[in-house]
Amino acid sequence: MSQRVMNVGLIGYKFMGKAHSQAWSTVGKFFDLDLDPVMKVVCGRDAEAVSQFASRWGWESHETDWRKVIGRGDVDVVDISTPGNTHCEIAVAAAQAGKHVYCEKPLTFTVDEGKQMLAAVRQASVKHMVNFNYRLCPAVSLAKQIIESGGIGEVRHARFTYLQDWLVDPAFPMNWRLRKEVAGSGAHGDLGAHSIDLARFLVGEIGEVVGMKKTFITERPAEGVSSGLSATAGEGTEKVTVDDCSLFLAKFTDGAVGTFEATRLAPGRKNFNRFEINGSKGSLAWCFEELNSLEYFSTSDPAAQQGFRKIIATEGVHPFAGNWWPPGHMLGYDHGFAHAAYNLTQSIANNRPCVPDFHDGVQCVAVLEAVDRSEEARQWTSVEVVD
C-alpha cells in the first residue's frame, strides 16, 4: 500500500453521500492505488445528523459549512454530492482554492453555469470528474470495447430508456427532487442525464434533438421528512414544478439516430436503465436491473446458431471485474461508485485526465437544454457544442 495519501472532503451525506462514502471506504481494499484516500471530513447542515453519519461511515471529522471544508489545508479533493442547485458555487470555490473536484450529476442546471465550472477547474489546473457511474459497470465498458472494435459494425439505431416507479402514487409527498429551484428538472435531468452520458460514451455526440416533457401529478402532499427516495407527508399540499417524464428523438453527428425516454411513473420498473444499440453487423443490449449481463447479437455467427448471447461480465478479463469476486459472483450498484473513486484517485496520482470530466458534464447539460428549447419551439433544435 502506498504511503502517499489523498484527503477527501465530502459535501452532502444523504443518498449520494452514502454511496460515495461506501466507495471511499472500500476502493483501497480491492484496488491497488497509487494514493491512499483518507476520509477526512464530511459536511452537512444538520450538526447532529452529520456527526452521526461521520461516525457511522468512518469520516474523521465533520463540518456544517461547506466553505470550511474548502478552506481546510488538509483537504485535497472536494466531493460534491449535494442537490444540483449548489454544484456551481461549491465547485468554483473548490477549484479556486486549489482542490480537485468530484461532482454528482447532472453537473448543473444550465450550460452557462457548467461553463463557469469548467473554466474554474481549467484555470486552476485541478482534476475534475463528474459521477456518471453507469458507464463504469463492467458490462457497459465491454459494450464500448465491442463497438470500438467493430463488433456490431456501423451504429445505426440507439434506444435509451430509464424507467422508475417511485412517484407513481399521487400520495407520495413532495421532496427536493420535485422542486425546480433545487432539482433543476424532474425525470429529464435526473434520469435523462444518465442516458445521455451513456449515449455519448457508446455512440457519439448528439447534434440535434426534438422532445417533449409532461407532468401528470401536478400537486402532492407537502413534505414532512424525506430521505433518498422515501418520504413522509407534512401538512397541506405543494405544487410540483418539474416534469414526470421526458421523451426525445436525437440525431447523432455520425449519422445514427436515437430515442430517449425517462420517467418516474412506470409501475413495476425500479431502476430500469436500459439501452439497445443496433449496428450493420450486430446489436447490443443492457439493463441495469441485470447489470452484470450484456446481450450481444452478431450477424457473423453461423445462420443456424444466430441469436442473442448473454455475456456475464464478471470475469477478470472485463474492466474492473477482476478486482472484486470470483467469476459469477455478481457486482451491484455500489461498485460503480468504487470504480469512479478508483479512476479519480489514479488520475490525480498519475497526473492524467479524468474520464468523465466536467466537459462531459457540460455537454450532457447542453443536450438536456436543447431538448427544453425544442419543446418550447416545437421543432428540431441543435445541441450547443461546448469547447
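The values are calculated or read from the model by the stated rules, or taken from the named source; none is laboratory data. Being a predicted model, the structure only gives us computed values, none of them experimental. Positions of Cβ are generated from backbone atoms using ideal geometry, with glycine treated the same way; all protein chains shown enter the neighbour counts. SASA here: full protein model, heavy atoms, side chains in, ligands and nucleic acids out. Shrake-Rupley method; radii C 1.70, N 1.55, O 1.52, S 1.80 Å.
Relative intensity of the chain on a log10 scale, I(q)/I(0) at q = 0.09, 0.13, 0.14 Å⁻¹, equals -0.53, -1.14, -1.32, per a Debye sum over C-alpha point scatterers of equal strength in the absence of solvent. Each of His157 and Gln379 was given a label point 7 Å from its Cα along the Cα-to-Cβ line. The distance between the two points is 2.9 nm. Heavy-atom accessible area, probed at 1.4 angstrom with all protein chains present, ranks Ser55, Ser298 as Ser55, Ser298, highest first. The heavy atoms of Glu181 present about 120 square angstrom of accessible area, all protein chains included, probe 1.4 Å. Carbon-plus-sulfur accessible fraction, the stretch 303-387 (probe radius 1.4 Å, protein heavy atoms only): 50%.
Quick check: at a probe of 1.4 Å, how many percent of the accessible area of the stretch 155-281 sits on carbon and sulfur atoms? Using a 1.4 Å probe with all protein chains present, the stretch 155-281 comes out at 54 percent carbon and sulfur.
Surface composition of the stretch 22-131: carbon plus sulfur atoms contribute 43% of the solvent-accessible area (1.4 Å probe, protein chains only, all chains present). Taking label positions 7 Å along the Cα-Cβ direction at both Asp169 and Ala119, the computed distance is 4.7 nm, reported to one decimal. Each Cα pair under 8 Å and six or more residues apart adds its sequence gap; the mean of these over the residue count of the stretch 136-264 is a relative contact order of 34 percent.
Could you list the trypsin sites (Lys or Arg not before Pro) in the stretch 214-305 that lie in coil according to DSSP, counting only those with at most 14 other Cβ atoms within 10 Å of their Cβ? Here the sparse-neighbourhood loop sites are Lys270, Lys281.
Probing with 1.4 Å while keeping every protein chain in the model, the per residue accessible area of the stretch 8-131 equals 41 Å². Express in whole angstrom the spacing between the alpha-carbon centres of the stretch 42-78 and the stretch 264-337. So the two Cα centres are separated by 37 Å.
Within the full protein context, the accessible area of Cys137 is estimated at about 10 Å² for a probe radius of 1.4 Å.
Compute the length gained on full extension between His329 and Glu219: take 0.36 nm times their separation in residues and subtract their Cα-Cα distance, giving the result in nm to one decimal.
35.2 nm
Ignoring aspartates and glutamates fewer than eight residues from Lys239 along the same chain, the ones with Cα atoms less than 18 angstrom from its Cα are Asp169, Glu181, Glu219, Glu223.
Partners of Lys99 within straight-line reach, counting lysines whose Cα lies under 28 Å from its Cα and excluding those fewer than 8 residues away in the same chain: Lys14, Lys18, Lys29, Lys40, Lys68, Lys115, Lys127. Between the residues Ile11, Cys43, Thr86, the greatest Cα displacement towards the positive end of the dipole of the stretch 1-106, with unit charges on the Cβ of Lys, Arg, Asp and Glu, is found for Thr86. Per-residue extension of 0.36 nm, minus the Cα-Cα distance of Lys239 and Ala49, leaves a gain of 65.6 nm for this segment.
In this simple spin-label approximation, Asn350 and Glu181 carry label points 7 Å from Cα along the Cα→Cβ vector, and these lie 4.6 nm apart.
With unit charges on the beta carbons (Lys and Arg positive, Asp and Glu negative) and the dipole taken about the Cα centre of the stretch 328-382, which residue among His339, Val362, Ser382 sits farthest to the positive side? So the residue furthest toward the plus end is His339. Here the chain is treated with +1 on each Lys and Arg Cβ and -1 on each Asp and Glu Cβ, and its dipole about the Cα centre works out to around 320 debye. Given their separation in residues at 0.36 nm each and the Cα-Cα distance between them, Glu89 and Lys310 gain 75.1 nm when the chain is fully extended. Simple point charges give the picture: +1 on the Cβ of Lys and Arg, -1 on the Cβ of Asp and Glu, and for the stretch 140-287 a dipole about the Cα centre of about 260 debye.
The alpha-carbon positions of the stretch 323-387 define a convex hull whose volume is 136 Å³ per residue.
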